[in-house]
1. Filter the range 112-126 for residues that are over 22 Å from residue 227 (Cβ atoms) and touching a residue at least 60 places away in the same chain (Cβ under 8 Å); which is surrounded by the fewest Cβ atoms within 10 Å (Cβ to Cβ)?
2. Given the conditions (1) in contact with a strand residue (DSSP E or B) (Cβ under 9 Å, 6 or more places away or on another chain); (2) within 16 Å of the ligand (Cβ to nearest atom); (3) assigned to a helix (DSSP H, G or I), which single one is not true for residue 274?
3. Sort out which residues of the range 226-248 are in a strand (DSSP E or B) and touching a helix residue (DSSP H, G or I) at 6+ places or on another chain (Cβ under 6 Å), and write them in order of number.
4. Would you check if residue 174 is away from the ligand (no atom under 13 Å from the Cβ), surrounded by 17 or more Cβ atoms within 10 Å (Cβ to Cβ), within 21 Å of the chain's Cα centre (by Cα) and under 24 Å from residue 85 (Cβ atoms)?
5. Out of 212, 197, which single residue is more than 9 Å from the ligand (Cβ to nearest atom) and assigned to a helix (DSSP H, G or I)?
6. Exactly one of (1) within 15 Å of the ligand (Cβ to nearest atom); (2) modelled with pLDDT of 95 or more; (3) assigned to a helix (DSSP H, G or I); (4) more than 29 Å from residue 22 (Cβ to Cβ) is unmet by residue 223. Its number?
7. Every residue in the range 63-86 that is in a helix (DSSP H, G or I) and in contact (Cβ under 8 Å) with a residue 24 or more places away in the chain, please.
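The values are calculated or read from the model by the stated rules, or taken from the named source; none is laboratory data. Keep in mind that this is a model prediction, so the values were computed, not measured. Methodologically, a virtual Cβ is constructed for each residue, glycine included, from the backbone with ideal geometry; neighbour enumeration extends over all protein chains shown.
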Ligand code: UDP
């Protein structure tokens, strides 16, 4: 199979590329390296079945050409990360809405199946925990930058579903809950890489708010497995699926666990949301997926527990920092 992955140099996209190449398939990616990184695909650049294009999904002729060459499309290219979204709402809206318009329009010309990655952010302030795919989406005010992400992704979902209903383009929508693993950067605010890096450097671990908010962290390997199975399953077409773990943890427990696992001397500090993001910032107190739908269809279940995930991420960042130290040592020495 020939697979196109937009955002293929991103955290999830690069793991998805690895998985398809391991299966023996051919992978094409397009990424503008805005939040993705060439480092994520460095190990694939000379692979004979891997092809990469550094460009934006807004570039219609380039997307058209890539869609032509492939059998199926994963649309993962998006502005992600709460910090980035709050700081750059224009970029968020334009990337997420226009990019999806281009990809779906081009895929529709050749009726190539598209899986569109959405996000658990769309549940917004809903308190119907655990969140079901048919539950209400509860958005905050438009004056709060965070909600531009949820709204832009909700529009992506509407568009993907509309292409299926109106034009019979096979589309699948997935709502990814907090996904973690190696290659995820803390640069755009994601909590686990941020805490792990802080703990490894014995710097203060920064909890935003009071730390009582909860999240469920799914391992990227489990998530990628689900994406592939959904793409392969005919009955997934026209559907919306939550993907993630349902092991709930408070952010304070998370900080303590990271500190233990790294034997860190870091102190845990509490930073008000207004300082961390923007004035009036609204966080979700709990975020837990109901994964019945995806479990029933493809037998999905999260296999990697939080402690195991944290060990993998700690190990990854320890190796990254020792490599960086070795490189700077050899540079300054040589
Ligand atoms: N968070 C935190 N400290 C950080 C980064 C994030 O306490 O340095 C909190 C954040 O406010 C949220 C949770 O951790 O409540 C998860 O944040 P992340 O950005 O990883 O994902 P979100 O679920 O908000 O999309």
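1. 125
2. Failing condition for residue 274: (1).
3. 241, 243
4. Working: away from the ligand (no atom under 13 Å from the Cβ): yes; surrounded by 17 or more Cβ atoms within 10 Å (Cβ to Cβ): yes; within 21 Å of the chain's Cα centre (by Cα): yes; under 24 Å from residue 85 (Cβ atoms): yes.
So residue 174 fits the description; yes.
5. Every option except 197 fails the conditions.
6. It is condition (4) that residue 223 fails.
7. Scanning the range 63-86 gives 63, 64, 66, 67, 68, 69, 82, 83, 84, 85, 86.
Table: residues versus (1) out of contact with any helix residue (DSSP H, G or I) (no Cβ under 9 Å at 6 or more places or on another chain); (2) buried (at least 24 other Cβ atoms within 10 Å of the Cβ); (3) modelled with pLDDT of 95 or more.
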| site | (1), (2), (3) |
| --- | --- |
| 71 | yes, no, yes |
| 86 | no, no, no |
| 89 | no, no, no |
| 93 | no, no, no |
| 98 | yes, no, yes |
| 103 | no, yes, yes |
| 106 | no, no, yes |
